[in-house]
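S.K.: Dropping a structure here in structure tokens format, bear with me for questions.
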Amino acid sequence: MLDTSQSFKENAAGAMANAGLQKALARAKPQFHAKRAYAVAAMPEFEQLRDEAKAIKDHTLSHLDHYLERYEAAVLASGGHVHWCKTAEDARATILKICRDAGAQTVTKGKSMVSEEIGLNEYLERHQVTPVETDLGEYILQLRNEPPSHIIGPAFHLNREDWEESFRKAHTDLPADRVFHERRDILTEARIKLREKFLAADVGITGANFLIAETGSSVIVTNEGNGDLTQTLPRIHIALATIEKIVPTIEDCLSLLRVLARSATGQDMSVYTTFSTGGRRPGDLDGPQEYHVVLLDNGRSNMVGTEFQDMLRCIKCSACMNHCPVYGAVGGHAYGSVYPGPMGSVLTPMLVGVEQAGLLPNASTFCGKCESVCPVKIPLTGLMRHWREREFERHLTPQTMRTGLGLWAFFAKRPALYRVATRLAMAAMGLIGRKRGSFSSLPLAGGWTKGRDMPAPEGETFFARYARSQRS
Amino acid sequence: MSDKAAILGAIRRGLRRGPLPADQMAMLDSRTAAHPRHIIPARGQLPPAGRVALFMKYIERDYGSSARLPDMAAIPAAIAAYLAGQNLPAALAYAPHPDFLALDWSTAPMLRIRAGEAIGSDMVALQRGFAGIAETGTLMLPSGSTTPTTLNLLADTAIVVIQAREIVGFYEEAFDLLRQAGPMPRNVMLVTGPSRSADIEQTLELGAHGPRQLHVLIIGDEEATRQAA
Ligand code: SF4
């Protein structure tokens with residue numbers, strides 16, 4: 001996917017002005033918070049479970065080489081194949097080769113952020129293999145040619161009208177004047193359309209939430225059941241997973257599952273949690289004949305042993321973005337990278353380089369909410385600070401921004417002062433800029449306003465607006 | 001250098017060591033062989049009677065339904081009545097499991113039945129579950145020659161049979177029973193309620209790609225609950 005993380009500021013301004021997106025955000029935010037809070041309150045051991053989840057991941061990461069080798073041996077013993085891939089290009093080529101060897105025309109896909117990370121769909125299309133996304137949210141994004149805006153609710157930025165419009169455009173074999181009375185009708189249409197695809201596909205590609213060294217299993221977690229149809233119906237199942245998904249045993253996996261769904265959707269358990277181990281066994285009436293794991297590194301092994309190793313504990317639950325005030329204000333697309341929100345701000349510079357994504361770790365108020373909800377206790381704000389320091393040291397920051405940052409840091413360390421100062425500045429800027437509605441130049445931001453106008457603040461700071469929205 | 005060697009090499013460089021010495025490997029392997037349990041939430045640690053009640057409560061909460069039957073022989077009539085009550089067609093694909101093959105299906109003469117895996121047009125499927133897990137109202141459905149996976153997925157309505165004594169308190173107990181039963185099956189599904197999606201405006205709708213309805217038949221009583229080792 002195109003990485004526009006360099007343009008975070010412009011993207012963010014656009015997002016704030018996007019009425020449809022703001023409607024979606026306003027709808028989603030309270031739900032994200034309430035659901036997790038409810039699930040956590042119903043589990044008195046939740047804090048202990050978080051400590052344990054962190055400990056399991058830390059143990060695995062300090063012996064990652066060992067567990068990867070044990071995992072590979074277990075997959076081979078169960079009749080599966082493991083393909084080690086250092087780079088995104090290696091993984092794409094490996095998957096294409098499996099598809100070609102199988103003579104595959106279409107592949108169905110379960111939801112996989114790693115597939116987004118390596119730009120798999122575009123690649124397959126370029127090589128005459130048609131990928132079909134089957135997660136409902138991913139499906140509509142594929143129809144609209146849009147990237148996901150959230151790691152587990154990829155289309156949450158869309159409203160019902162968008163769904164109806166896209167379905168009318170795409171499903172031209174259905175009567176043009178059909179009426180979608182309820183959301184259910186949209187769902188039913190997708191179900192019927194995708195059923196055909198599931199039954200026709202030659203290869204099914206899923207991600208994996210966990211890989212278990214003990215048994216050689218890949219584990220997927222879904223609510224729709226699309227991942228299961230993807231890995232059960234086609235002749236070949238490919239699980240695409242990154243190296244840090246390894247856990248030693250089933251018990252380790254179960255402990256992580258206890259915090260995953262609660263942190264993600266506020267469910268005690270997602271509807272389908274499925275362990276796949278090898279291909280069809282003698283006597284089996286269904287299931288794939290071949291089972292392949294594409295085991296991808298793509299920069300992660302370089303994080304081991306550095307201050308960013310903590311980030312490899314991430315189980316992609318999305319709690320950090322669901323509770324992030326910046327994400328809540330601008331949504332996922334503004335980050336311009338596959339992984340948005342706090343976890344993305346730490347991970348993206350690692351994947352695409354700090355030169356590309358240097359602004360992302362600044363997309364934070366450092367309020368600390370993200371790490372207070374992270375089920376594996378990743379010190380997200382600390383890691384964002386590390387990036388900022390690195391970026392600063394490398395002098396990648398434009399001179400004006402470095403000066404500005406120093407000033408900003410002074411105020412940011414003194415929150416009360418910061419609020420007063422920004423409120424004053426906003427009010428002043430609001431007065432000056434009100435006539436035109438925008439500024440063509442701003443102190444400390446010359447590099448930014450050169451090519452574009454900054455919209456004039458509407459007289460309220462983010463914090464003030466945030467506080468107001470929390471009260472209402 | 002192969003990708004595998006490059007990845008393992010980079011990890012070891014990061015960890016500032018070479019391959020693990022044999023004694024440390026042995027320690028890690030014994031941890032895996034013993035697969036120790038971590039914290040088990042109190043709510044799953046229950047006597048047998050409590051397990052069935054909690055299991056049923058959580059199935060209901062997650063938009064499924066359940067009913068208790070005295071014995072396996074009651075299954076055909078119970079299914080016929082359930083399908084009629086739901087206005088569903090009296091036809092189903094069922095798992096070729098000894099428990100179902102032994103049933104006298106003529107007690108429900110209106111039912112059209114077929115043993116085997118599910119196909120795309122099946123409206124109702126009957127599966128034999130391996131375990132129920134009270135902790136979250138979750139079914140454990142392993143694949144095998146008598147329990148094809150498609151029965152869990154393709155039909156609009158999934159019916160699963162489980163014996164009361166097969167309902168355990170928490171996940172780890174179910175997996176210990178599975179380990180005792182043999183090698184890890186190709187596919188093990190943990191199913192909690194019917195399929196759903198909240199992708200359209202964060203509003204929950206049932207029946208995304210899998211079953212819209214999940215009905216669990218619980219057979220017998222829990223007194224003879226089997227024990228996990
Ligand atoms: S960083 Fe933590 S909260 Fe964010 S997605 Fe990863 S595990 Fe979840």
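S.K.: Considering only protein heavy atoms, with the full assembly of protein chains and a 1.4 angstrom probe, order A:E89, A:E117, A:E133 by accessible area, largest first.
M.R.: A:E89, A:E117, A:E133
S.K.: Write out the chymotrypsin sites (Phe, Trp or Tyr not before Pro) in region A:1-69 meeting two conditions: DSSP loop, and at most 15 other Cβ atoms within 10 Å of their Cβ.
M.R.: none
S.K.: Rank these by accessible area, largest first, 1.4 Å probe: B:R179, A:R126.
M.R.: Ranked list, largest accessible area first: A:R126, B:R179.
S.K.: Tell me the accessible surface of B:M27 in square angstrom (1.4 angstrom probe, heavy atoms of protein chains only), to the nearest ten.
M.R.: 130 Å²
S.K.: If you place +1 on the Cβ of every Lys and Arg, -1 on the Cβ of every Asp and Glu, and leave all else neutral, what size is the dipole of chain B about its Cα centre, to the nearest 20 Debye?
M.R.: Working: 21 positive and 22 negative charges, 169 e Å.
Approximately 820 debye in magnitude.
S.K.: Amide H to amide H under 5 Å from A:F210: which residues, 5+ apart in sequence or cross-chain, H placed 1.01 Å off N in plane?
M.R.: Result for A:F210 returns A:V219.
S.K.: Enumerate the amide H contacts of A:V82 below 5 Å, restricted to partners 5 or more residues apart or on another chain; note that Pro and chain-start residues carry no placed amide H.
M.R.: Here the answer is A:V293, since their amide H atoms fall under 5 Å of that of A:V82.
S.K.: Right, something else. Normalise the Debye intensity by I(0) for the protein assembly as shown, one equal point scatterer per Cα, no solvent, then take log10 at q = 0.05, 0.09, 0.10 Å⁻¹ and round to two decimals.
M.R.: The computed values of log10 I(q)/I(0) come out as -0.25, -0.80, -0.98.
S.K.: Per residue, how many Å² of accessible area does the protein assembly as shown show with a 1.4 Å probe? Walk me through the numbers before you get to the answer.
M.R.: Working: 26650 Å² over 701 residues.
Normalised by residue count, the accessible surface of the protein assembly as shown is 38 Å².
S.K.: Still on this structure, please answer the following. Between region A:202-222 and region B:1-64, how far is it from one alpha carbon centroid to the other, in angstrom?
M.R.: Computed from Cα coordinates, the inter-centre distance equals 14 Å.
S.K.: OK, next. Starting from the 7 Å offset along Cα-to-Cβ, what nm value, one decimal, do you get for the label separation of A:D185 and A:Q128?
M.R.: Result for the modelled spin labels: 4.1 nm.
S.K.: Just how much of A:H171 is accessible, in Å², when a 1.4 Å probe is used and the result is rounded to the nearest 10?
M.R.: The accessible area of A:H171 comes to roughly 10 Å².
S.K.: Using only helices, what value at 222 nm comes out for the protein assembly as shown when you add -39,500 (n - 2.57) per DSSP H run of length 4 or more and divide by the total residues, to the nearest 500 deg cm²/dmol?
M.R.: -13000 deg cm²/dmol
S.K.: Send over the Kirkwood Rh of region B:143-222, from the inverse of the averaged 1/r over different Cα pairs, rounded to one decimal Å.
M.R.: Radius from the Kirkwood sum: 14.5 Å.
S.K.: What's the carbon and sulfur percent of chain B's accessible surface, probe 1.4 angstrom, rounded to a whole number?
M.R.: Working: 5060 of 8680 Å².
About 58 percent, which is the carbon plus sulfur part of the accessible surface.
S.K.: Let me ask something else. Could you pull the accessible area for B:S2 with a 1.4 Å probe, rounded to 10 Å²?
M.R.: For B:S2, solvent-accessible area is about 70 Å².
S.K.: Follow-up question, since we're still on this one. When the Kirkwood radius is taken over all Cα pairs of region A:43-301, what Stokes-Einstein diffusion coefficient follows at 25 °C and 0.890 mPa s, in µm²/s?
M.R.: On the way: Rh = 19.2 Å.
Result for D is 128 µm²/s.
S.K.: Rounding to the nearest 20 debye, state how big the charge dipole of the protein assembly as shown is about its Cα centre with +1 on each Lys and Arg Cβ and -1 on each Asp and Glu Cβ.
M.R.: My answer is approximately 2420 debye.
S.K.: Figure the gain on full extension for B:S30 and B:E223 (residue separation times 0.36 nm, minus the Cα-Cα span) and round it to one decimal in nm.
M.R.: Extra length from B:S30 to B:E223 when fully extended: 65.9 nm.
S.K.: In addition: State the answer as a single residue: which of A:A41, A:H386, A:L96 lies farthest towards the positive end of the charge dipole of the protein assembly as shown, with beta carbon charges of +1 for Lys and Arg and -1 for Asp and Glu, about the Cα centre.
M.R.: Highest projection toward the positive end goes to A:H386.
S.K.: Follow-up. Going from the alpha-carbon gyration tensor of chain B, what semi-axes, largest first and in whole Å, does one get by taking the root of 5 times each eigenvalue?
M.R.: Semi-axes (√(5λ), whole Å): 38, 22, 18.
S.K.: Also, I was wondering about something else. Charges on Cβ only, +1 for Lys and Arg, -1 for Asp and Glu, centred on the Cα centroid of chain B; of B:H209, B:L20, B:A74, which one is farthest towards the dipole's positive end?
M.R.: Highest projection toward the positive end goes to B:L20.
The values are calculated or read from the model by the stated rules, or taken from the named source; none is laboratory data. This is a predicted model, so every value here is computed, not measured. Every residue, glycine among them, receives a Cβ derived from its backbone with ideal geometry; neighbour counts consider all protein chains shown. Note: accessible area is taken over every heavy atom of the protein model, side chains too, but ligands, DNA and RNA are not part of it. Shrake-Rupley method; radii C 1.70, N 1.55, O 1.52, S 1.80 Å.
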